[in-house]
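The next block holds one structure in the form of structure tokens; read it before the comments.
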Amino acid sequence: MSSALHSTAAGVLASIPSPPVSYIDLGPLRIHFYALCIIAGIIAAALMTNHRLTKRGAEPWVVIDISILAVPLAIIGARIFHVLTHPNFYFGEGKNTWNPFEPGSVWAIWEGGIAIFGALIGGAVGAYLGCRWTGIRFWTFADALAPGLLLAQAMGRFGNWFNHELYGLPTTLPWGLEIESTNSAFPPGLPEGTLFHPTFLYEVIWNGLGVLVLLWLGRKLFFQWGRLFAIYLIWYSAGRILWESIRIDPSEIILGLRSNVWAAIIGVVVGLVILVVQTRRHPGLEPSPYRPGRGRKDLDADVQSQDNPSDFVDVSEPPAEEVAAGATATSAAPSSGDGSR
């Protein structure tokens, strides 16, 4: 591995070293930093989405109920999409396709290999089901999710850095990424010490800027009914078209373009369609974050006494002095022989 510092006539310029380790072992348990980055992103997205949904009037933490379905389906969709767009990695002679106890199987998600466009498809299905369950409008949830989703993607890209993957063409720029020559994706014929475009970092910066843009646009009432999510799709996919065009890791080529470039182009088109269709269908404002006939459950809860009803209801008699003089009695107390009561 070359030194992280490279001297030039103009001075000393730094390159970006790849992390020396990508996991830690805790007894028999191996924890991959890639997974920690993904988990941290999911938590950040859930927190931001919860804040945005409650500001719209939704029940606090309803996002958890939706995430129970959306997150697992997103992970499944992400893995399926990756496997289908990289068939030579997993299928064919000499490949370990199905054995999860050997490296290289379709199940080995801990080795890396998930696709965000597959996650969007699977997550959208899960979010739709979760919204039907909780009564939240799907597009309200999508708009609330958009900035947090982009933040999660930015955080998740650091996992690619730990895995030494998804880098771009060779470069002499001072922020070039160091990749060991033994890496399976290292282009043959290049000398050891060659630097590469850190496409993971480009995407982190692009997504980070996108979060700020979406938060700013989200303050405008126009960006309801899924229109903010449409901007998310356009922003993220446009960036992916650029970064995918300089990546050199193996990928399926379809009509001269990488499969993920085509997926990103479709993402831009879908975003534009959502923006146009939802603007025509819903020119007004969302009346509520809930679907018609649904609402917050926490506001409909009945107060129940678990101990003594007198803890909640005053059943005592009023003091005698509070009875106004001359008031007409509406009932008479039974009298005894001595006149006492």
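The values are calculated or read from the model by the stated rules, or taken from the named source; none is laboratory data. Here the structure is a predicted model, which is why all the values come from computation and not from measurement. In this analysis, Cβ positions are derived from the backbone assuming ideal geometry, glycine residues included, and neighbour counts consider all displayed protein chains. Keep in mind that these areas ignore ligands, DNA and RNA; they rest on the heavy atoms of the full protein, side chains included. Shrake-Rupley method; radii C 1.70, N 1.55, O 1.52, S 1.80 Å.
Here is how the numbers come out for the structure above:
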{"read-out": "Residue in region 216-249 that is farthest from G267 (Cα to Cα), counting only those that are among the polar types (S, T, N, Q) and over 16 Å from the mean Cα position of the chain (by Cα)", "value": "Q224"}
{"read-out": "Residue match in region 255-267 (condition: within 23 Å of L215 (Cα to Cα) and either open to solvent by 40 Å² or more (accessible area, probe 1.4 Å) or at pLDDT below 95 (or both))", "value": "no"}
{"read-out": "Verdict on D302 being surrounded by fewer than 10 Cβ atoms within 10 Å (Cβ to Cβ), assigned to a loop (DSSP other than H, G, I, E, B) and at pLDDT below 90", "value": "yes"}
{"read-out": "Looking only at region 116-145, and only at residues there that are open to solvent by less than 10 Å² (accessible area, probe 1.4 Å) and not in a helix (DSSP H, G or I), the one that is farthest from A264 (Cα to Cα)", "value": "G135"}
{"read-out": "Search result, residues across region 176-194 that are more than 28 Å from the chain's Cα centre (by Cα) and either in contact (Cβ under 8 Å) with a residue 24 or more places away in the chain or at positive phi (or both)", "value": "G176, E178, I179, E180, A185, P187, G189, E192, G193, T194"}
{"read-out": "From L13, L26, residue being modelled with pLDDT of 90 or more, over 25 Å from L150 (Cβ atoms) and surrounded by fewer than 17 Cβ atoms within 10 Å (Cβ to Cβ)", "value": "L26"}
{"read-out": "Selection from region 60-115 of residues that are at positive phi and either assigned to a helix (DSSP H, G or I) or open to solvent by less than 40 Å² (accessible area, probe 1.4 Å) (or both)", "value": "G104, G112, G113"}
{"read-out": "Residue within region 225-245 that is of a type outside the set (F, W, Y), in a loop (DSSP other than H, G, I, E, B), more than 30 Å from T140 (Cα to Cα) and modelled with pLDDT of 90 or more present", "value": "yes"}
{"read-out": "Single residue of region 173-204 satisfying the filter (part of a loop (DSSP other than H, G, I, E, B), of a type outside the set (A, V, I, L, M) and in contact with a strand residue (DSSP E or B) (Cβ under 7 Å, 6 or more places away or on another chain)) that is most open to solvent (accessible area, probe 1.4 Å)", "value": "W175"}
{"read-out": "Region 275-292 residues that are within 25 Å of V63 (Cα to Cα) and open to solvent by 40 Å² or more (accessible area, probe 1.4 Å), paired with ones that are of a type in the set (K, R) and not in a helix (DSSP H, G or I) (beta carbon under 9 Å, 6 or more apart)", "value": "R291/R137"}
